[in-house]
Amino acid sequence: RRGRAEADFQAERAALKALGVELANDHLDGYVYKPERQKASEGEEAKPWEVSLADQMEGLLGPSKAQLCDSIDRWTNDEFLFEIREGVAYCTMNRPAANNAMNDGINAGLLDAARILKGRTDVRVVVLTGNGRMFCAGGDPKAFQAAQADAGVVAGEEGGDQEQLTGSEVGAAISGFADAMQANVSKRSREVMAVGLAKVFYEWATLPQFTIALMNGSAMGGGVGLVCCCDMAIAVKTAHITLSEVKLGVIPAVISPHVIRTIGAANAKKLFVTAENCTMTQARAYGMVQRIVGDASEFPAAVKEVAAKLRACAPGALAATKRCALNCFNQPMSAGLMNYTVHEYVQTRKGQECEEGMKALASRTKPRWVDSPIDVREG
């Protein structure tokens, strides 16, 4: 059928040519605006266990490096507080007046903390929360306006603050910035900006520690992405989840892999396209939130309960399990997938933790990680 259609097309093309009408090879030839086309890759796309996404991002962004702070001892980021105690780390978004909207300071804190934590095998639990009445309001409208000025869409006063956007102007700011990115910035620059934002969520989704989001209040946009990047979420009962991007004429694209992975395609699509407020009862039914508490005063006891269970788990095996689960997500059953999972099992089976765990089981003793303390805050 396809061959017949092609033959008909060529016959019609020849007939038109006899009349002096030339059909271009590309039907978009002659248009002023041509959308970029996504070309199919020449070969099969590499699996996540063959070429990690981290390596691919490094190829575009360069090696991972400190954004503002290179170590916990020299931490100076007041917009993102970072504390490491024995066995546990606390990360706190600290822009309460801006509802912890994700600006350069918070994004830098998220990246710097993740980079440090990936080298801290002594830390077994990571807690992410916010100061103030909201967990995180997502992207900061002021950051969009500043980016607009950088792209030449709006003018800013030298040496002064950018004009503050009102709520009704946020959508126009985002749309205008998108236009500027399309018109005035190279494709590679757009890719770098998009990958840079995606890297924030990826780094948190791939932390080797068990991560807990303490939702001290509501989450919107990117804040929802952060919740979904964590292994567990505990929320106050008055909090809400909102993904309102479609009301602004944009889409929640960068966070979508993490939201879909956490609550499934059907539930994610419903939240994406309706922009409705999701209560914590609904969020728990979707699987985004695992526990609801009356208020933030109940957080320490809840974290302590989780930490007590995690003490029985080998930290290296926990990290390997998280990595394996992420790599297997949405992968079709194949020989490559089976070989990968077998390889991961063999690697852990011959590892030091497995040897210690088996010896402890045989001798009816406890492996060392069971007695390793996790110093959870009392309040």
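Over 21 Å between Cα atoms: which of LYS118/LYS322; LYS309/LYS366; LYS237/LYS322; LYS47/LYS269; LYS237/LYS304 fall into that group? Checking Cα-Cα distances, LYS237/LYS322; LYS47/LYS269 exceed 21 Å. Placing a label point 7 Å from the Cα of SER52 along the Cα-to-Cβ direction, the residues of the stretch 324-346 whose backbone N falls under 12 Å from that point are 324, 327. Of LEU243, LEU197, the order by accessible heavy-atom surface (1.4 Å probe, DNA, RNA and ligands excluded), from most exposed downward, is LEU197, LEU243.
Please work out, to two decimal places, the log10 of the ratio I(q)/I(0) at q = 0.09, 0.15, 0.18, 0.20 Å⁻¹ from a Debye calculation in which every Cα of the stretch 232-379 carries one identical scatterer. Normalising to I(0) and taking log10 leaves -0.46, -1.02, -1.13, -1.18. The accessible area of TYR90, taken with all protein chains in place and a 1.4 Å probe, comes to roughly 20 Å². Taking all protein chains as they are arranged and a probe of 1.4 Å, the heavy atoms of HIS240 leave approximately 60 Å² accessible to solvent. When the surface is traced with a 1.4 Å probe over the full set of protein chains, TRP75 keeps roughly 40 Å² accessible. Here the stretch 294-347 was treated as a single set of alpha-carbon atoms; its pair distances binned every 10 Å from 0 give 19, 33, 24, 17, 7 percent.
Across the stretch 311-379, the mean sequence separation of Cα contacts (distance under 8 Å, 6 or more residues apart), normalised by length, yields a relative contact order of 50 percent.
The equivalent ellipsoid that matches the C-alpha gyration tensor of the stretch 209-311 spans semi-axes of 25, 14, 11 angstrom, in descending order. Note on surface exposure: CYS69, CYS354 rank CYS354, CYS69 by accessible area, highest first, 1.4 Å probe.
The values are calculated or read from the model by the stated rules, or taken from the named source; none is laboratory data. Here the structure is a predicted model, which is why all the values come from computation and not from measurement. For neighbour counting, all protein chains shown are included, and Cβ atoms are generated from backbone atoms with ideal geometry for every residue, glycine included. These area figures cover heavy atoms from the full protein model, side chains too; ligands, DNA and RNA do not enter into them. Shrake-Rupley method; radii C 1.70, N 1.55, O 1.52, S 1.80 Å.
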